[in-house]
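The values are calculated or read from the model by the stated rules, or taken from the named source; none is laboratory data. The structure presented is a predicted model; accordingly, all values stated were derived computationally and were not measured. Note: ideal-geometry Cβ built from the backbone for every residue, glycine included; neighbour counts use all protein chains shown.
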Amino acid sequence: MKFAFCGNLDCPEWILSEVAILNRMSAIKLKLILGQIIKKMTMQAFDQDRLNKLCRDQNFDKEETKVVLALIEFLLSQPVRYCITDKVFSKDLLQMGVAIENANALVKVFNEQ
């Protein structure tokens, strides 16, 4: 399946296979993590320990923490790279199987930044 946020190409397999980890996360924790990741992506001071703690609170092990942080960073950088709208991004996330609350949180951060 082709996704606009991936340049109308197939989404990388590792992204699709790790959506389940993202869906295990509560939308509230995701919003807190998104705040730190946006700081990281915009070269502002961010708190890596806070990111790790938020992931531990979701019962993620070290490997799952690395995966979910990389996944979120990928999901936020790609729509900017390909200049897609928030509606298209939301549709793509939902088609990938991202939970609606988490998709809404990602789209909201995308719009704000």
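Observations
- Hey, Glu63 surrounded by 12 or more Cβ atoms within 10 Å (Cβ to Cβ) and of a type outside the set (A, V, I, L, M, F, W, C) or not: no
- Evaluation of Cys55 against (1) surrounded by 14 or more Cβ atoms within 10 Å (Cβ to Cβ); (2) more than 18 Å from Val98 (Cα to Cα) (one fails), failing number: (2)
- Failed item in (1) more than 17 Å from Ile28 (Cβ to Cβ); (2) in contact with a Ser or Thr (Cβ under 8 Å, 6 or more places away or on another chain); (3) not small (Gly, Ala, Ser), with Arg56 passing the rest: (1)
- The single residue among Ile72, Ile38 that is more than 18 Å from Ala99 (Cα to Cα), touching a residue at least 40 places away in the same chain (Cβ under 8 Å) and surrounded by 14 or more Cβ atoms within 10 Å (Cβ to Cβ) turns out to be Ile38.
- Residues located in the stretch 78-93, provided they are in a loop (DSSP other than H, G, I, E, B), without any contact (Cβ under 8 Å) to a residue 60 or more places away in the chain and touching a helix residue (DSSP H, G or I) at 6+ places or on another chain (Cβ under 9 Å): Thr85
Every residue, every condition in (1) out of contact with any helix residue (DSSP H, G or I) (no Cβ under 6 Å at 6 or more places or on another chain); (2) among the hydrophobic types (A, V, I, L, M, F, W, C), yes or no:
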{"position": "Leu9", "(1), (2)": "yes, yes"}
{"position": "Met25", "(1), (2)": "yes, yes"}
{"position": "Lys29", "(1), (2)": "no, no"}
{"position": "Gly35", "(1), (2)": "yes, no"}
{"position": "Asn59", "(1), (2)": "yes, no"}
{"position": "Leu69", "(1), (2)": "yes, yes"}
{"position": "Leu76", "(1), (2)": "yes, yes"}
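- Inside the stretch 94-113, residues that are touching a residue at least 40 places away in the same chain (Cβ under 8 Å) and in contact with a helix residue (DSSP H, G or I) (Cβ under 7 Å, 6 or more places away or on another chain) make up a count of 10.
- Listed conditions (1) at pLDDT below 90; (2) under 15 Å from Gly35 (Cβ atoms); (3) among the basic types (Lys, Arg) are all met by Lys108, apart from (1).
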